[in-house]
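Notes follow the structure.
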Amino acid sequence: MGQQTPIVVVRDSARWVVVDGYKRVRAVHRLGQDVVRATEWALSEAEALVLERTLRSGDAASAIEQGWLVRELMQRFGLGLEEVSRRFDRSVSWVSRRLGLVTDLPPAVQEQVRLGVIGAHAAMKYLVPLARANASDCEALGQALGALRPTSRQVAELYVAYIGGNATVRERVVQQPGLVLKARAELSRAGGELSAIEQLLHDLRIAASVARRARRRLCEGALDGARDAERARALEQSHEAHFELERLLARLKQETEAQHAGSDDQDRDSTPA
């Protein structure tokens, strides 16, 4: 039947850029035709891309596809996080999470997300932070998850086990995630749970990991280009975190010294006269 609707183009210097209609262009070529009907939008390429995506907001675009568009707008056209979030009427967090999918995740894990093997929500919330901390472990875990098709809750369990575990536990999570999930499920069915000291050690490992990650972000230029108000807010939250850690350390020292004092008293009481 030939071409039914025009494609959408914008002018970039002396050439035309297709914004919407790549499939129609391919179909016209397959029909042996060399002319494609088009309608021009009097917009810049970046504005046209945003408008085209907005008009197709009802389509089930994947988070990966959204991430590709966000990256294109930021890297090629120089838009910032706040500008992209404003144009899409989304939060900065929404933009940042999708950008993380296509900039922080290893390509092999991105492909797992694109195929639906790993849920986008789980990837954004758990695998992206893991990739920032240890890209090779994230890639290995992503490959191991291919045969499992895990739920978001299962990916969360693996992430918690990895962050809170020692080197042996982390290796097991990365190499044998199915076995780790099975063990945790059996423990849950048996009514078992971590002891109080195990929970405390787990929390302390997470606190140390978060502090290391925040410091790495600073070293990588997280404050570059930040406004004075944003820098002040970061400093304020840093002081708050430092205050809470100081309270934690003081309490821990108090508990430890009290325990030692109790042990000394018991030793003295048991000493024969």
key: strands (runs of 3 or more DSSP E) wholly inside region 1-88 that include at least 3 residues being of a type outside the set (S, T, N, Q) and more than 30 Å from Arg227 (Cα to Cα)   = 7-12, 15-20
task = Can you work out which of the residues in region 113-162 that are open to solvent by 30 Å² or more (accessible area, probe 1.4 Å) and aromatic (Phe, Trp, Tyr) is nearest to Thr103 (Cα to Cα)?
result = Tyr126
message = Within region 160-219, take every residue that is under 26 Å from Ala135 (Cβ atoms) and not in a helix (DSSP H, G or I) and give me the one that is modelled with the highest pLDDT.
response = Gln176
message = So for region 9-32 (the condition being touching a Lys or Arg at 6+ places or on another chain (Cβ under 7 Å), open to solvent by less than 50 Å² (accessible area, probe 1.4 Å) and modelled with pLDDT under 90), does at least one residue qualify?
response = no
query = Among (1) part of a helix (DSSP H, G or I); (2) at pLDDT 90 or above; (3) hydrophobic (A, V, I, L, M, F, W, C); (4) open to solvent by 60 Å² or more (accessible area, probe 1.4 Å), where does Val95 come up short?
reply = (4)
ask   = So which residues in region 33-57 are within 21 Å of Val92 (Cα to Cα), open to solvent by 60 Å² or more (accessible area, probe 1.4 Å) and small (Gly, Ala, Ser), if there are any at all?
value = Ser57
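The values are calculated or read from the model by the stated rules, or taken from the named source; none is laboratory data. Because the structure is a prediction, the values reported are computed rather than measured. Reconstructed Cβ throughout: ideal geometry from the backbone, glycine too, with neighbour counts over all protein chains shown. What goes into the accessible areas is simple: the full protein's heavy atoms, side chains included, and nothing from ligands, DNA or RNA. Shrake-Rupley method; radii C 1.70, N 1.55, O 1.52, S 1.80 Å.
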